1. In terms of the Cα gyration tensor, with a ≥ b ≥ c the square roots of its eigenvalues, is the range 32-75 rounded because a/c is under 1.5, prolate because a/b exceeds b/c, or oblate?
2. Using a 1.4 Å probe on the protein chains only, how many percent of the accessible area of the range 2-96 belongs to carbon and sulfur?
3. Classify the range 1-89 from the C-alpha gyration tensor, please: rounded if a/c falls under 1.5, else prolate or oblate depending on whether a/b exceeds b/c.
4. Using a basic spin-label model with each label point 7 Å from the Cα along Cα→Cβ, how many nm lie between GLN94 and ALA76?
5. May I ask you to give the solvent-accessible area per residue for the range 2-96, in square angstrom, as obtained with a 1.4 angstrom probe?
Amino acid sequence: REALAVAAQLCGPELERYGRCVAASPGSWHQDCHQLSLSVTACASNHPLVRRIRRDCSDSFGAFERCLRERPQSAAECGPHVSQFLLCAQNVTQSATPGDAATATPTATPRD
């Protein structure tokens, strides 16, 4: 949840555009919304926690992406893959260090 919240906080406009595109193109979203998907990925990948999830959960996310490519008209069948990925992401966020969970924007510089 934290990683999704971070992505929503940092990449809200990109996620909103992508979501609208997917909703408007139920049969062809995987093609019609590809560029928007890339913009969400590029935005989110700037955050340390998201980078860690992408690294640690790449197998389960890859399985989910393969499922979507193989079943573009019936993405609901990929539910088990989504569940595996979300469980992995939850485990990563629960074990995250405080530095991983911080926002990507710098707040204050340390004082010595």
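1. Values: a/c = 4.13, a/b = 1.38, b/c = 2.99.
It is oblate, given that a/c is not under 1.5 and a/b is not larger than b/c.
2. Reported share for carbon and sulfur atoms: 55 percent.
3. Details: a/c = 1.99, a/b = 1.15, b/c = 1.73.
Note, shape of the range 1-89 comes out oblate.
4. So the label points at GLN94 and ALA76 sit 2.9 nm apart.
5. On the way: 5730 Å² over 95 residues.
Here the per-residue accessible area is 60 Å².
The values are calculated or read from the model by the stated rules, or taken from the named source; none is laboratory data. In this text, all values refer to a predicted model and were calculated from it rather than measured experimentally. Ideal geometry is used to build each Cβ from the backbone, glycine not excepted, and the neighbour counts take in all protein chains shown. Keep in mind that these areas ignore ligands, DNA and RNA; they rest on the heavy atoms of the full protein, side chains included. Shrake-Rupley method; radii C 1.70, N 1.55, O 1.52, S 1.80 Å.
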